[in-house]
1. Being within 23 Å of R36 (Cα to Cα) and either touching a residue at least 40 places away in the same chain (Cβ under 8 Å) or exposed (fewer than 14 other Cβ atoms within 10 Å of the Cβ) (or both) narrows it down to one residue among P116, P192; which is it?
2. For the stretch 96-113, name all the residues that are of a type in the set (A, V, I, L, M) and either loosely packed, with under 12 Cβ neighbours inside 10 Å or out of contact with any helix residue (DSSP H, G or I) (no Cβ under 6 Å at 6 or more places or on another chain) (or both).
3. Here are some residues: A155, A176, A126, A130. Which one is surrounded by 17 or more Cβ atoms within 10 Å (Cβ to Cβ) and small (G, A, S)?
4. Please specify each residue of the stretch 158-170 satisfying the condition of being surrounded by 21 or more Cβ atoms within 10 Å (Cβ to Cβ) and over 21 Å from V20 (Cα atoms).
5. Can you list residue pairs whose Cβ atoms sit under 6 Å apart, with the first residue in the stretch 42-62 being at negative phi and the second being β-branched (V, I, T) and part of a loop (DSSP other than H, G, I, E, B)? Count only pairs 6 or more apart in sequence or on different chains.
Amino acid sequence: MQLYVTYGSPYARLARIVVVEKGLEDRVEIFEAKTRMKDSPYYQISPSGRVPYLVDDTGVGMEDSQLICVYLDSLDGKPRLHDPLLENDWAYRRLEASARSMCEGICVWVRQMRLPECERSPTVLAHEVARTQRMASFFEERVPDRPMQGAPRMAHLILAVSVDIARKRGLGDLTAGRPQLATWMSRISDLPGMRATALP
């Protein structure tokens, strides 16, 4: 299989983490996609030009990190990061939705900061900074709750990747002044998939 990524994308990183956590390194070859370029050859593979994009063993392509992560996790018939028992666990599903919301807001901020300064929206930047701080405080309060504990699941990976990209891309250390989140983050950062895909 071929997995197309950009190394700065948190969504692509989630797919790369699943590859490592599920021991699929011998089955999935990772390629760096050339995105946001006119006439990029990548657009012949992924018409939307988004990452991640997975081409399976039969040559069928799929996009969207949620779909790809579920697919990779289920290949061995033993999904570990997407436990079917969690489908009706509304506390867990709310946690995952909140983590995705946080990640999306951070991505908006990162994309704004990549623009020339004269094209950035101060209103959007301020909104996303405030949202990120609120979300980090929300997760600080949630750390002791049952859905945040136990074996790592996708909600945990999404949150960890979000906190990491915020720190690495200049939005700040979201664990500062949040001791429970800092301890939790230190623990999950030790996962092989997190270490193998760490942002520079």
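1. When all the criteria are applied, what remains is P116.
2. Those that are of a type in the set (A, V, I, L, M) and either loosely packed, with under 12 Cβ neighbours inside 10 Å or out of contact with any helix residue (DSSP H, G or I) (no Cβ under 6 Å at 6 or more places or on another chain) (or both): A97, V110, M113.
3. Details: A176 fails: surrounded by 17 or more Cβ atoms within 10 Å (Cβ to Cβ); A126 fails: surrounded by 17 or more Cβ atoms within 10 Å (Cβ to Cβ); A130 fails: surrounded by 17 or more Cβ atoms within 10 Å (Cβ to Cβ).
Answer to the selection: A155.
4. Once the filter is applied, which keeps residues that are surrounded by 21 or more Cβ atoms within 10 Å (Cβ to Cβ) and over 21 Å from V20 (Cα atoms), the stretch 158-170 yields only A166.
5. Matching pairs, first to second residue: V51/T6.
Matching residues to (1) touching a helix residue (DSSP H, G or I) at 6+ places or on another chain (Cβ under 9 Å); (2) at pLDDT below 95; (3) surrounded by fewer than 18 Cβ atoms within 10 Å (Cβ to Cβ):
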site: V51; (1), (2), (3): yes, no, no
site: D83; (1), (2), (3): yes, yes, yes
site: E87; (1), (2), (3): yes, yes, yes
site: R94; (1), (2), (3): yes, no, yes
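For every residue, the table says whether it meets (1) closer than 22 Å to Q66 by Cβ; (2) touching a strand residue (DSSP E or B) at 6+ places or on another chain (Cβ under 8 Å); (3) not in a helix (DSSP H, G or I).
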{"residue": "A130", "(1), (2), (3)": "no, no, no"}
{"residue": "R134", "(1), (2), (3)": "no, no, no"}
{"residue": "S137", "(1), (2), (3)": "no, no, no"}
{"residue": "L159", "(1), (2), (3)": "yes, no, no"}
{"residue": "D173", "(1), (2), (3)": "no, no, yes"}
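The values are calculated or read from the model by the stated rules, or taken from the named source; none is laboratory data. Given the structure is predicted, the values throughout are model-derived calculations rather than measurements. Quick reminder, even Gly has a Cβ in these numbers, built from the backbone with ideal geometry, and neighbours come from all protein chains shown.
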